[in-house]
Every structure is written in C-alpha cells, then in structure tokens.
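The structure appears below as structure tokens.
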Amino acid sequence: MKKIINYLRTSIVPFLAAITIMTLVAYLFQIIYQLMISLYIGITQGVEGLADGGNLPGEIEELMSQNILYIISVASILICGIVFYFWYRHETRGRQKVELKSVFNKRNIILFLIIGIGCQLFFSGVMNLIQPIFPEQFKSYGETMESILGSDLLLVLLYTIIIAPISEELIFRGVILHRTRKVLPFLGANLLQALFFGVYHRNIIQGIYATIMGFLLGLIYQKYNTIYSTILLHMIINASVFVVILFPITTISYVVMVVLGVVGTTVSFVLLKLGHRESSMKEL
C-alpha cells in the first residue's frame, strides 16, 4: 500500500498539478478578458449597454476572437512551464551538471534532426494510412488540430515549436520522469510518463503517437541526463511537419514516409548509442 501511495505521490501529483495550473490560468485570463470587454462595452455604449443583459453575452462572445482564446491557451501552458522550471531545478538541485558541448556536437545535432524528421514522417504516414479505417476518431482529431493550427501563423509557430516543447519537456521528462525514476526502474518510469503525456493530449489519435513520442524522448533524457536534449528533439519533431507537406497526397507517399521514418529513426538511435560507447571507451 505504501508503494502505491508513493507511486501516486511521485508521478500523478505533478501531472494533476500541471493540468490544474493550466486550467486555472486559462479561466482566470478568460474572466479578466470578459471584464475588460464589459468595461469596453460600458465605455462605448454607456450604462444602457451594460444594463441590456440579454445582448451582453453575445457581444462578449463576438469580441472573444479565436486569436484571443489561442493566446489564453498559450499563456496558460507558458505559465505552467515557468512553474515547472523552478520545480525541475528543485528536483535536480545538487546534481552534477552535464557538459552541453558533449551533447550538442555536430554529429548529435545531425542525428537529432534525422530522428525528429523521421518521427514526424512515421507518425504522419501511419495516420494517413489508417485514417479511412477510423473515421470517427480522426474527425475528433481533426477538430483538435484545427483548434491548434487555426489561429495566426506566428502564434501557431511560437506555440508548437517553442513554448509547447519547452513547457511539456519540463513537465513530463523533467519533473515527472525524474521523480518517478526514484521509485520505479527506468523502463517503468519512462512508460508511465509517456502514458501521462498521451493522456495530456486528450485525444485518442494524438494520444497514441504522443505516448510513443514521449517514450522516445524519455530514452533521450536517460541517455544525456539533461532536459535540453529532449527540448531540442521535441522542437525538431514539431517543426518537421513542414517536411511532411512536401510529400504528395498519395498512398505510396504515405508508405514511403513510414519506411523513411522507421529507417531514419532506428539508424540514428543506433548511431547515438554507438557514439556513447565510443566516448565512454575514450574516457577509460
């Protein structure tokens, strides 16, 4: 029983904390923005505009544009990331710092690029191939992606390539994986944080590939023992969606994407492992 309670405390608590922080911040910002809109209506339309309670909710909804709602979502995960940055620093306090030069050398960066592009090609290829089999699930997934990508391009790029990777890595590979490794073997801890990462996306299609992606990112974190390595790889994976659009929309292209993704990712992981062995032998 004590072990179960310990597992809950070390892994579920930070996950629930992240969800709670983002939800509360989003609600708080929405309330503040609605109050600002009410004030604006009061200034522009006078007391009569505020007194007409029947029209006020409709006007507020009209003034709350998609970009504003998107900014609120971005702000909520950004603030959560800041909180978890200090939490991660507390968790890793006293730990020997990793030489970033040994992580971000030319060879590793090239392999990270291949892994990131390979993951994106694999996930995109598989999803396009299985989409006709699961139309209902992909309808929900499409609505989710539309809400993410349907805003101003600069906001989308800022969120998907910079803010989301940094915040999510601090939450899942930073705090959750780091804490869970204290009570579970690495494989179990990595699988658990990857499952949380999948649940976090709140969509079965996105959740499945997020779980696989989270597990791979956990392997990278375990290898280099620094959150900067997974942040970089996460950024590359998200940015690699622009590589996918270069492929024509055909079944053959989707199969090629899957094959290239599997081969590129597998070979790069093997080379990263071999590179680690070679560096270890040089140290000996």
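First check a/c for region 156-283, with a ≥ b ≥ c the square roots of the eigenvalues of its C-alpha gyration tensor; if it is under 1.5, answer rounded, and if not, answer prolate when a/b is larger than b/c or oblate otherwise.
Numbers: a/c = 1.76, a/b = 1.23, b/c = 1.43.
Oblate is the answer for region 156-283, as a/c is 1.5 or above yet b/c matches or exceeds a/b.
Quick one: if you stick a label point 7 Å off each Cα along the C-beta vector at residue 89 and residue 16, how many nm between them?
Modelled inter-label distance: 2.7 nm.
Taking the Cβ of residue 220 as the center, what net charge do the other residues with Cβ under 13 Å away carry, scoring Lys and Arg +1 and Asp and Glu -1?
+2
Describe numerically, in nm with one decimal, the distance between label points set 7 Å from Cα along Cα→Cβ at residue 158 and at residue 187.
Going from the residue 158 label point to the residue 187 one covers 4.4 nm.
Any chance you could run the full-extension gain for residue 104 through residue 223? It's 0.36 nm times the residue separation minus the Cα-Cα distance, nm to one decimal.
Stretched fully, the residue 104-residue 223 segment lengthens by 41.5 nm.
Count the net charge of all other residues whose Cβ sits under 10 Å from the Cβ of residue 10, scoring Lys and Arg as +1 and Asp and Glu as -1. Don't skip to the end; give the middle numbers.
Details: positive: 9, 179, 181, 182; negative: none.
With Lys, Arg at +1 and Asp, Glu at -1, the net is +4.
Holding the Cα-Cα limit at 28 Å, pick out from 101/273; 139/223; 139/273 the pairs that are longer than that.
139/223; 139/273
With a sphere of radius 14 Å drawn around the Cβ of residue 235, what net charge do the other residues whose Cβ falls strictly inside it have (Lys, Arg +1; Asp, Glu -1)?
Around residue 235, the charge tally is -1.
Where a ≥ b ≥ c are the square roots of the eigenvalues of the C-alpha gyration tensor, would you call region 188-239 rounded, which needs a/c under 1.5, or, failing that, prolate if a/b is larger than b/c, or oblate?
Working: a/c = 2.70, a/b = 1.37, b/c = 1.97.
Oblate.
Just so you know, all these numbers are worked out from the coordinates, no wet-lab data involved. As the structure is a computational prediction, the values presented were derived from the model and not from experiment. Cβ sites come from the backbone with ideal geometry, for glycine too, and all protein chains shown count toward neighbours.
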